[in-house]
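Taking it in order: structure first as structure tokens, then the write-up.
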Amino acid sequence: MKGFEMKLFPLLTAALVCVALYFAILDRDTLVDFAARYVPEPNNTPTNLADSEEEVAPVTDDGLINVVVRRSEAQMTENAVLLRGRTEALRLVDVASETSGRIISIPIRAGAFVEEGQLMCEIDPGTSQTALEEAEARLAEAQARVPEAEARIPEAQARLPEARAMLAQAEAQLTSAQIDGNAASRLAESGFGSETSAASAAAGVAGAQAGVESAMASVQGAQAGVQAAEAGVQSALAGVRAAEAAVTRAQEAITQLTIHAPFSGLLETDTAELGSLMQPGTICATIIQLDPIKLVGFVPEAQVDRIRVGATAGAQLASGQQVRGEVTFLSRSADDRTRTFRVEITVPNSDLAIRDGQTADILVQTEGTAAHLLPASSLTLNDEGLLGVRIVVNGIVQFREVQMIRDTPRGVLLAGLPETADVIVVGQEFVTAGVEVAITLEELTQ
């Protein structure tokens, strides 16, 4: 009997499987109709399967779909551009020597604060003072030559009128001799004078011409003397300028023996060690200025027009410290590799707590934007895949594309809507643009 029962159960199971396969494959419609009519509920009463799987939109007695709307008004909201950047010292300079020599000053250790103009390195003067005294002596000698040269000019100028007077007298004598010569020559030709008188008169003319030439040479010599005297003065003045330049070079060489801090700041390195040899270009020390300090970030070209010089900016450093400053520089030229623009924000740092090179998350405040604060669930997509919300205007549904500004704990800030809008917050998925609806205003609770 037991063997019969053991054979009966597999046969019944196989029969039931065959029946199930028959209805599932060959007579599927009958199976679906049975399942649609009778589905057990918790109270074991039959119900319609379709009614239990889909949410049905509430419909009013007039046949209109009822939706819940929020009457939203646009408000000005602060907006900001987020940048990733770093801190950067206002100044960082390697102070170097301009001359050669050995250090004779005691070094200042790294980390010390130095004031503007404070002595950092001093070089052995050697013969620099002697060179300055020699240059000053040459300057005095050159200056003494100037009055002597200037005195020669009046002396040379005094000779010039005397020479001109001699020239005028010689020219008058020449004129008189020429008149006598012409008269003697005519008399000799007419037979009223002797040839000896004519020859004597011609000799007088030649002598007068020689006198004129001599007087002209004297005038030219006097003029040359004036020019030479003036050139002597210029030469003396040039000697003075050369001597002054030598004095300036000697003084500059002495000035270069002491190296001072160009601005107030911190030493990043020790100053040059006592006894070390300095050459032109050898670094005395590195000095850094951290007050104020700069925050440097790079803004993409899509957002560069939103930033203005003078805008307020804040940042949080990697250490957690929060700082606030003002945009002082916005690059006009993009980086060739990243196509971004450099932004600099100046931040007070009187306690020098902010260091150079710290990572910072920077927020640059931009102009306020009119936006609506709505729940994220009110957002939907239209048939074209555009992000927006559905609003009700005079009882008719409209789709409005929006731009998301940012997310907040209370909802999302959206731009692109009218100043006042009835936004569907419940039931927006059951309606489309152009459909007439019945609205229920949302009750907002604090």
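So how strong a dipole does the range 229-352 carry about its Cα centre when Lys and Arg Cβ are +1 and Asp and Glu Cβ are -1, to the nearest 20 debye?
It works out to roughly 440 debye.
Name the long-range amide H neighbours of residue 260: under 5 Å, sequence gap of 5 or more, or other chain; modelled H, no Pro or chain starts.
For residue 260, the qualifying residues are 120.
For the range 275-345, what size does the Cα cloud have along each of its three principal axes, sorted from largest down, in whole Å?
So the extents along the principal axes, rounded to whole Å, are 56, 32, 22.
With the Cα gyration tensor of the range 236-307 giving a ≥ b ≥ c as the square roots of its eigenvalues, does the rule (a/c under 1.5 for rounded; else a/b larger than b/c for prolate; else oblate) give rounded, prolate or oblate?
Oblate.
Once you have the Cα-Cα distance between residue 118 and residue 213, take 0.36 nm times their residue separation minus that, and quote the gain in nm to one decimal.
Net length gain for the segment: 26.7 nm.
Roughly how many whole Å is it from the C-alpha centroid of the range 260-285 to that of the range 372-446?
Taking the Cα centre of each part, the range 260-285 and the range 372-446 sit 67 Å apart.
When you count, for each residue, the other Cβ atoms within 10 Å and take the mean per peptide, how do 430-440, 106-116 rank with the highest first?
For the peptides 430-440, 106-116, the packing ranking is 430-440, 106-116.
Under a point-charge model restricted to the Cβ atoms of Lys and Arg (+1) and Asp and Glu (-1), what is the dipole moment magnitude of the range 332-446 relative to its Cα centre, in debye to the nearest 20?
320 debye
Using only the heavy atoms of the protein chains and a 1.4 Å probe, how would 260, 372 rank by accessible area, largest first?
Descending order: 260, 372.
Jot down the radius of gyration and Dmax of the range 397-446, Cα atoms only, both in angstrom.
12.5, 33
Quick check: from the Cα gyration tensor, does the range 363-421 come out rounded (a/c under 1.5), prolate or oblate?
prolate
Run the quick spin-label model on residue 359 and residue 71: label points 7 Å from Cα toward the beta carbon, then report their separation in nm to one decimal.
5.0 nm
With the dipole of the range 271-326 worked out from charges on the C-beta (+1 for Lys and Arg, -1 for Asp and Glu) around the Cα centre, which of 280, 293, 310 lies farthest toward the positive end?
It is 310, whose Cα lies furthest towards the positive end.
Enter the Cα centre distance for the pair the range 121-179 and the range 331-354, rounded to the nearest angstrom.
Going from one Cα centre to the other spans 64 Å.
What's the magnitude of the charge dipole for the range 106-153 around its Cα centre, counting Lys and Arg as +1 and Asp and Glu as -1 at the beta-carbon? Answer in Debye, nearest 20.
Using Cβ point charges on Lys, Arg, Asp and Glu, the range 106-153 gives about 100 debye.
The values are calculated or read from the model by the stated rules, or taken from the named source; none is laboratory data. On a predicted model such as this, the values are computed, not experimentally measured, just so you know. Don't worry about glycine lacking a Cβ; one is built from the backbone with ideal geometry, like all the others, and counts go over all protein chains shown. Surface areas here come from the heavy atoms of the whole protein model, side chains and all, with no ligands, DNA or RNA. Shrake-Rupley method; radii C 1.70, N 1.55, O 1.52, S 1.80 Å.
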